[in-house]
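Below: one structure, written as structure tokens.
All of the numbers you see were taken from the coordinates with simple rules; none came from a lab. What you see is a predicted model; the values in this text were computed from it and never measured. Cβ coordinates were reconstructed from backbone atoms using ideal geometry, including for glycine residues, and neighbour counts include every protein chain displayed.
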Amino acid sequence: MIQLNDNLKISIIGVLLSSYILYDQKPDIMFHKNGTFKQFGLKQEETLLPFFLVITIISFTLYYGLLLKEGRYV
């Protein structure tokens, strides 16, 4: 059975909340004017910061920050 420690639970809740907020706000850097996701790339209608990449960075940063707060540096 999978055991979830407190750091993992807080990270999951934080990622779900940040995902909801980002999707609700629909920033122009990640979304087209009609509300669809922009593709990853360097062209005019593409973005370097797609939704999935931003959420991944937020999740790793949040979990690592919680580990550092706890005093576990490795």
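The residue that is surrounded by the fewest Cβ atoms within 10 Å (Cβ to Cβ), among those in the range 1-23 that are more than 18 Å from Gly65 (Cα to Cα) and over 14 Å from the mean Cα position of the chain (by Cα), is Met1. Among residues of the range 36-54 that are in contact (Cβ under 8 Å) with a residue 12 or more places away in the chain, those with a beta-carbon under 7 Å from a residue that is β-branched (Val, Ile, Thr) at least six positions away or on a different chain give the pairs Lys38/Thr47; Phe40/Thr47; Thr47/Ile29; Leu49/Ile29. Looking only at the range 24-70, filter to residues that are surrounded by 12 or more Cβ atoms within 10 Å (Cβ to Cβ) and charged (D, E, K, R); which one of those is farthest from Asn7 (Cα to Cα)? So the residue we want is Lys38.
How many residues are out of contact with any strand residue (DSSP E or B) (no Cβ under 6 Å at 6 or more places or on another chain) and more than 26 Å from Ile10 (Cβ to Cβ) if we restrict to the range 38-54? Matching residues across the range 38-54 total 8. Scanning the range 55-74 for residues that are over 16 Å from Ile13 (Cα atoms) and either under 8 Å from the mean Cα position of the chain (by Cα) or among the aromatic types (Phe, Trp, Tyr) (or both) yields a total of 1. Considering the range 44-66, and only residues there that are touching a helix residue (DSSP H, G or I) at 6+ places or on another chain (Cβ under 6 Å) and either hydroxyl-bearing (Ser, Thr, Tyr) or not in a helix (DSSP H, G or I) (or both), the residue that is farthest from Ile29 (Cα to Cα) turns out to be Tyr63.
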